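Trainee: Here it is, the structure, as structure tokens.
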Amino acid sequence: MPQFVPLDVVLGETARPDLATVDELARLQLAARRSGCQIRLIDVPDRLRALIELAGLAGALGLEP
């Protein structure tokens with residue numbers, strides 16, 4: 001498995017996260033991996049965490065429990 005450089009994304013209070021937010025994070029992760037990086041989501045609001053899990057992208061986005 002390739003070693004990726006971590007890229008921290010601090011989310012904090014994201015204003016009204018929705019599935020478009022999840023889509024953008026997934027696209028960001030894809031672009032980061034193509035560049036040899038991997039995003040790490042930090043300070044994820046509960047609502048956004050639930051949407052990421054609902055979309056089945058918790059593993060792909062590196063969302064930790």
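Every number in this text was worked out from the coordinates using simple rules, so none of it is lab data. Quick caveat, the model's predicted, so the values are computed rather than measured. Glycine gets a Cβ as well: all are built from the backbone with ideal geometry, and neighbour counts include every protein chain shown.
Trainee: Once all Cα-Cα distances of the chain are split into 10 Å bins that start at 0, what whole-number percent is in each one?
Mentor: Going from the shortest bin to the longest, the percentages are 22, 58, 19, 1.
Trainee: Here's another thing I want to ask about it. Compute, for the range 1-52, the length of the dipole vector about the Cα centre, with Cβ point charges of +1 (Lys, Arg) and -1 (Asp, Glu) only. Units Debye, rounded to 20.
Mentor: 220
Trainee: Under a plain spin-label model, where a point goes 7 Å from the Cα along Cα-to-Cβ, how far apart in nm are Leu19 and Glu64?
Mentor: 3.0
Trainee: Under a point spin-label approximation (7 Å from Cα along Cα-to-Cβ), what is the Phe4-Cys37 distance to one decimal in nm?
Mentor: A separation of 1.2 nm, rounded to one decimal place.
Trainee: With a 10 Å cut-off between alpha carbons and a GNM built on the chain, which of Ala32, Ala15, Ala50 moves the most?
Mentor: Ala15
Trainee: Output the 0 to 90 degree angle, nearest 10, between the alpha-carbon long axis of helix 19-34 and the longest principal axis computed from the alpha carbons of the chain.
Mentor: 10
Trainee: Tell me, Thr21, Thr14 in order of fewest to most beta-carbon neighbours within 10 Å?
Mentor: Thr14, Thr21
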